[in-house]
């Protein structure tokens, strides 16, 4: 039977639990180390196959730029595969843009995985990941399907098991352009390289700390490996980032920016329920926030071999 449509395709966001800039390549690209963790804040995409080869996007909620990453991904896959088929791509955008949550990259990855099925291409995960890197540095992570220790410019992925946990996430009204942060004169570009065992040891401490804090019934500052080297430049460019970090720290006892911002997050327990409930204090106008749960794997992990 020919597959004609795929509906309710998720595109989950991610958090950078830390982000270190450890160097710079001759071509100007920065070398990074990070841990990416999938969370349950997600966009939803719908795909309808077209026989005329046309690719069109339809915005079901927030209006996206005319040429977003989902369309770029569809065009690249169509060109590289030689497919004569097209698609109507409808996006219910829920993950904030310019937030460091990887929303656009996740949309692109889900588009590649969905169209690989809808067009009957049968591409392997490895082949999709090679194409994904040419679309955006974060796209291969979402194709890979697992939480990961990330190195290089985002293409070196080591799958890791991260304890399932809760995160409070806040996106202030202002957004940030990634290129502005990486050009900032205050950006540290020589953080010593980390080792994976250091993060895993911190994760073990986190599990112990979460158990202790649950017994105490109070906020605690949980272990948080490393830092985000992009946060000081981001706060300099956008004071709302610092304000959001202060709001998060006030209510949850810890805070950190994700990616190149402007969203910030706090660890908030590891049990069935968050350690601290969402506060009654209203967010500033234009801000959005929610309690998120980490995911063990991408919901589309089995869509490519």
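The values are calculated or read from the model by the stated rules, or taken from the named source; none is laboratory data. Because the structure is a prediction, the values reported are computed rather than measured. No Cβ is skipped: glycine too gets one built from the backbone with ideal geometry, and neighbour counts run over all protein chains shown.
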Any chance segment 105-118 includes a residue that's touching a strand residue (DSSP E or B) at 6+ places or on another chain (Cβ under 8 Å), at pLDDT 95 or above and farther than 30 Å from residue 288 by Cβ?
yes
From 253, 289, 261, which residue is touching a strand residue (DSSP E or B) at 6+ places or on another chain (Cβ under 9 Å), surrounded by 15 or more Cβ atoms within 10 Å (Cβ to Cβ), modelled with pLDDT under 95 and more than 17 Å from residue 181 (Cβ to Cβ)?
253
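Here is a yes/no grid of residues against (1) surrounded by 14 or more Cβ atoms within 10 Å (Cβ to Cβ); (2) over 30 Å from residue 290 (Cα atoms):
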| site | (1), (2) |
| --- | --- |
| 45 | yes, no |
| 49 | yes, yes |
| 52 | no, yes |
| 55 | yes, yes |
| 63 | no, no |
| 76 | yes, yes |
| 80 | yes, yes |
| 94 | yes, no |
| 97 | yes, no |
Log entry, pairs with first residue in segment 260-285 being at positive phi, second being assigned to a strand (DSSP E or B), beta carbons closer than 6 Å, six or more apart or on different chains, reads 269/166
What number goes with the only condition from (1) out of contact with any helix residue (DSSP H, G or I) (no Cβ under 9 Å at 6 or more places or on another chain); (2) in contact (Cβ under 8 Å) with a residue 12 or more places away in the chain; (3) under 22 Å from residue 41 (Cα atoms) that residue 229 does not pass?
(3)
With respect to residue 67, determine if the residue is without any contact (Cβ under 8 Å) to a residue 12 or more places away in the chain, within 22 Å of residue 128 (Cβ to Cβ) and either within 22 Å of the chain's Cα centre (by Cα) or in a loop (DSSP other than H, G, I, E, B) (or both).
yes
For residues that are crowded, with 17+ Cβ neighbours inside 10 Å and not in a strand (DSSP E or B), scanning just segment 161-173, find the one that is modelled with the highest pLDDT.
172
